[in-house]
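Visitor: Shown below is the structure under consideration.
Read the figures in this text as sums done on the coordinates, not as results from a lab. As the structure is a computational prediction, the values presented were derived from the model and not from experiment. All Cβ positions, even for glycine, are placed from backbone atoms using ideal geometry, and neighbour counts span all protein chains on display.
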Amino acid sequence: MVRVRFAPSPTGYLHIGGLRTALYNYLFARHTGGTFILRIEDTDQSRFVPDAVENLIKTLNKLDITFDEGPGIGGDYGPYVQSERLDLYRKEAQKLLDAGFAYRCFCSPETLAQMRAEQQNKGEFVKYDRRCLNLTPAEIQAKLAKGEPYVLRLKMPETRIFRFKDIIRGEVEMDSAQSDDQVLIKSDGYPTYHLASVVDDHYMDISYVIRGEEWLSSMPKHLWLYECFGWTPPQWVHLPLILNPDRTKLSKRMNDVAVENYLERGYLKEALINFVALLGWHSADDREIFSLEELCQEFTLERVNKSSAIFDLNKLNWMNGWYLRNLPLDIIVERSKPYFEKENLTIPDFDKLTKIVATARERCTLLSDLAQYSKMFLCPQPLNIEYQDFLKKEDSRKVLFWFQKNLPQEGDIDVEQLNQLVQQGISDLELKGKAFYKPIYLALLHQDYGPELPAIFSILGLKEVHNRIYEALQL
RNA sequence: GACCCCUUCGUCUAUCGGUGAGGACACAAGAUUUUCAUUCUUGUAAGAGGGGUUCGAUUCCCCUAGGGGUCGCCA
C-alpha cells in the first residue's frame, strides 16, 4: 500500500518548488491507488506565520490537488500538525537518550558560533566538536539542577559508510564522517526536522519519501535514526531542483515563486499544473499537454529526471495561452469575470461577454489580458491627435459616410453579409484595402488594429457601430 | 573548502549500444489574413572535454571541467 506525504513548513505561501513536490506526491499516490497525506511541519516557532496553513491548503485546493489525510480532513494517523505531536517526539528522543544514541549539549549559540569560526579559520571541516559528549553524569546533573538550557544531539557513528537506493538516482553512498551530531530536540523543547520527519514518517506508515534534492545530504542522519530506532526506512525519492534562469535554486529574488500570485495574475490552474509537471517529468511518447487526470494515469517515478530544470516563464506563458484557447469557452468566460471586476469594468451580459472572450482568447496569454483586451470594446481610449487628423481626411470620411448609409440600422449582420458589404464598399469607393479599413477601425476602436471586422460588429452591435461612426464624423 | 548530486539544441526534454540524434517553447522565414492575433509549413540550433570497454558509443566505466545542493537549536 503506497502512502506518501507532502510535508511543507507553513512559512507563508506555496512555493513553485513546493507545488512540484506536492504534485509529484499526489500523482504518484493517485497513479498507484495509494494515500496522499498532508503534514504540517511547524516545528520552528520563530518562523510562525498566521494563516499560512490555511493559505497553503486553499491554494492546493484551487489547483485540485486533494488530500486523503491531513489537518481538517482527519485520518487514522493524526494529528497531522507537528506542533500537536510534541509528546511523541519527546518520548522517542528519550529512548535515544536512554540507549546512548543521543546526548545532551549545553553549548550556547555563541559558543557554537565561536567554535565554527575557529574551525573555519583552520580550514577544518565544520562540525560540532562533541565537547558535551564527555560531560560526567555529575556535571550533567549539576547543569540540569541549575536549569541550564540544553539541546539533544544525535551521536553519529564516526566511521560508517551509508548506502541506500534512491529511486531516481540509484545507489548512493555517503560517509558518516561528513555528518554533524545533528540537534534532535531544540532548547525550546521542539524537535528539529530530522527527528520529527523520521518519527512521523514511521508512525504515519509512509512508504515513499518523495522530497527535494536539498535533503539528499541529510540522508546519513536519517538512515542512522532509522537504525537507532530499529525501524525499516521507506523508499527514497529525491527530486531534482527547480532553478532560476541563472541556474541558482529557484528564489523569490529572480522569479515570482508564490503559486497564488500566478493564479492571481491570471494563470490557469490547468496550465500551472501541466507546466510544473513537465519540469522534471516526461511522458513516454512526446505528448506535452496533459490534464490532471491524464497525469495521474501516466505519471511514474521512473520517468522523473535526475537533473534540475530551469523555470522557463516563456513556455508557461505559451501553455497558458494554449489552455486559454482550448478549454471550453464557457469555463474561460466564467473565470475571466473577476478580472473584469479588477479593472472596474462592468461585466457585459452573458452573450456579449462570451463574444468578447471568444475573440480575445485568440490573442491573449493570461485571464487578466482578456479584460485588458476587452477595453477597446467597452471603453476605448480617447483618440490621439494623429488619429483624429486621419479621420478628418477626405478619404476617411468617405468610408464612414458609406458605412453610415449602407449598414442596416439595427439587428444582426452575419459574417457573410458583412464581407459582401465590405467588398462592395471597397469597389464603390475605389479604395485600397488599408485605406478602407483603417478609418473604420479608428472610428470603432480608436486604434488601427483589432480583431476582424465581423467580430467587432458582432460584439459592438450595429447600433453601437453607428454611434461610434457618428462620433467620428463629428470631429 | 569538504562531501554529495547533476551534465543532449538558448530552455524543457526523447533516446533503455547501431537514429539522417526526435518533439515542445523561444527565434527566423513563408502561407492564410486589411491590421493585431490564431492556425499551418519550413528552417537555424545539441550529446562539456579526455581516456577506456565494444565490431560499434549520446547511451557502460574512469578522469578532468562546469553547474547545483548541503555543511543551523530553518525546513
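Visitor: For A:LYS393, give me every one of the lysines with a C-alpha distance below 19 angstrom, ignoring sequence neighbours fewer than eight places off in its own chain.
Guide: A:LYS405, A:LYS432, A:LYS434, A:LYS438
Visitor: What is the percent of Cα-Cα separations in chain A that go past 45 Å?
Guide: Working: 39926 of 112575 pairs.
Summing the P(r) of chain A above 45 Å gives 35 percent of all pairs.
Visitor: Which order do A:THR192, A:THR354, A:THR136 fall in if you start with the one that has the fewest other Cβ atoms within 10 Å?
Guide: If I rank by nearby Cβ atoms, fewest first, I get A:THR136, A:THR354, A:THR192.
Visitor: Provide the net charge surrounding A:ARG253, with neighbours chosen by a C-beta distance below 15 Å and charges set as Lys +1, Arg +1, Asp -1, Glu -1.
Guide: +1
Visitor: For chain A, what relative contact order do you get, as a whole percent, if you take Cα pairs closer than 8 Å and at least 6 residues apart?
Guide: Reported as a whole number, the value is 13 percent.
Visitor: Where a Cα-Cα gap under 23 Å defines reach, which lysines qualify for A:LYS252, not counting those fewer than 8 residues away within the same chain?
Guide: List returned: A:LYS58, A:LYS62, A:LYS269, A:LYS315.
Visitor: Now, a different point. Could you give the angle, 0 to 90 degrees to the nearest 10, between helix A:109-121's Cα long axis and the longest principal axis of the Cα atoms of chain A?
Guide: Relative to chain A, helix A:109-121 is tipped by roughly 90 degrees.
Visitor: Suppose every K and R has +1 on its Cβ and every D and E has -1 on its Cβ; what is the size of the dipole of chain A about the Cα centre, in Debye to the nearest 20?
Guide: Using Cβ point charges on Lys, Arg, Asp and Glu, chain A gives about 980 debye.
Visitor: When only C-alpha pairs under 8 Å and at least 6 residues apart count, what is the relative contact order of the range A:1-160, in percent? Working shown, then result.
Guide: On the way: 168 pairs, mean separation 31.4, N = 160.
It comes to 20 percent, rounded to a whole number.
Visitor: Continuing with this model, one more query. Using a 10 Å cut-off on Cβ atoms, rank the peptides A:229-236, A:364-371, A:409-416 from the highest mean neighbour count down. Mind dumping the intermediate values first?
Guide: On the way: A:229-236: 15.1, A:364-371: 22.2, A:409-416: 11.4.
Output ranking for A:229-236, A:364-371, A:409-416: A:364-371, A:229-236, A:409-416.
Visitor: If you bin every alpha carbon distance in the range A:328-378 into 5 Å steps from zero, what whole percent lands in each bin?
Guide: Calculated P(r), rounded to whole percents: 4, 24, 42, 25, 4, 0.
Visitor: Which of A:ILE426, A:ILE40 comes first, and how do the rest follow, when ranked by fewest Cβ neighbours within 10 Å? List each step's numbers first, then the result.
Guide: Working: A:ILE426 17, A:ILE40 22.
Lowest to highest Cβ neighbour count: A:ILE426, A:ILE40.
Visitor: Only counting other Cβ atoms within 10 Å, I'd like A:TYR470, A:TYR150, A:TYR26 sorted with the fewest neighbours first.
Guide: If I rank by nearby Cβ atoms, fewest first, I get A:TYR470, A:TYR150, A:TYR26.
Visitor: May I pose another question? How many lysine pairs are close in the range A:85-239, with Cα atoms under 27 Å apart and the two 8 or more places apart or on different chains?
Guide: 28
Visitor: Roughly how many whole Å is it from the C-alpha centroid of the range A:293-366 to that of the range A:197-229?
Guide: Here the two parts' Cα centres lie 38 Å apart.
Visitor: Run the numbers for A:LYS463 and A:GLU139: contour at 0.36 nm per residue of separation, minus the present Cα-Cα distance, in nm.
Guide: Contour length minus the Cα-Cα distance gives 107.3 nm.
Visitor: Would you please give the FRET efficiency between A:ASN244 and A:GLU288, computed as 1/(1 + (r/R0)^6) with r the Cβ-Cβ distance and R0 = 30 Å, to the nearest 0.05?
Guide: Between A:ASN244 and A:GLU288 the formula returns 0.85.
Visitor: Next question. What is the dipole size for the range A:385-473, taken about its Cα centre, with +1 at each Lys and Arg Cβ and -1 at each Asp and Glu Cβ, in debye to the nearest 20? Walk me through the numbers before you get to the answer.
Guide: Numbers: 10 positive and 14 negative charges, 57 e Å.
Rounded to the nearest 20 debye, it is 280 debye.
Visitor: Can you find, among A:SER396, A:LEU353, A:PHE340, the residue farthest towards the positive end of the dipole of chain A? Put +1 on the C-beta of Lys and Arg, -1 on that of Asp and Glu.
Guide: Final value for the positive-end residue is A:PHE340.
Visitor: Return the whole-Å distance between the Cα centroid of the range A:2-39 and the Cα centroid of the range A:135-154.
Guide: With the range A:2-39 and the range A:135-154 each reduced to a Cα centre, they are spaced 39 Å.
Visitor: How much length is gained if the chain between A:LYS62 and A:ASP412 is pulled fully straight, taking 0.36 nm per residue apart and subtracting their Cα-Cα distance, in nm to one decimal? Walk me through the numbers before you get to the answer.
Guide: Numbers: separation 350, 0.36 × 350 = 126.00 nm, distance 3.97 nm.
This chain segment gains 122.0 nm when fully extended.
Visitor: Among A:63-69, A:417-423, what's the highest-first ranking by average C-beta atoms within 10 angstrom per residue? Kindly include the intermediate steps, with their values, before the conclusion.
Guide: Working: A:63-69: 18.3, A:417-423: 14.9.
Top to bottom by mean Cβ count within 10 Å: A:63-69, A:417-423.
Visitor: Once Lys and Arg get +1 and Asp and Glu get -1 on their Cβ, which of A:LEU278, A:GLY33, A:PRO50 lies farthest toward the positive end of the dipole of chain A?
Guide: Going by the Cα projections, it comes out as A:PRO50.
Visitor: Sort by residue number and report every cysteine in chain A with no other cysteine beta carbon within a distance under 4.7 Å.
Guide: Taking the Cβ cut-off of 4.7 Å, the unpaired cysteines of chain A are A:CYS107, A:CYS228, A:CYS296, A:CYS364, A:CYS379.
Visitor: What ranking do A:53-62, A:164-173 get when scored by the average of other Cβ atoms within 10 Å per residue, highest first?
Guide: Peptide ranking by packing, descending: A:53-62, A:164-173.
Visitor: Run the helix sum for chain A: -39,500 (n - 2.57) per DSSP H stretch of 4+ residues, divided by residue count, reported at 222 nm to the nearest 500 deg cm²/dmol.
Guide: Estimated from H runs of four or more residues: -15000 deg cm²/dmol.
Visitor: Oh, and also: Could you give the length gained by full extension between A:ARG363 and A:GLU341, i.e. 0.36 nm per residue of separation minus their alpha carbon distance, to one decimal place?
Guide: Answer, rounded to one decimal: 5.9 nm.
Visitor: Also: Say R0 is 25 Å: what FRET efficiency, to the nearest 0.05, do A:THR111 and A:PHE48 get from their beta-carbon distance?
Guide: 0.40
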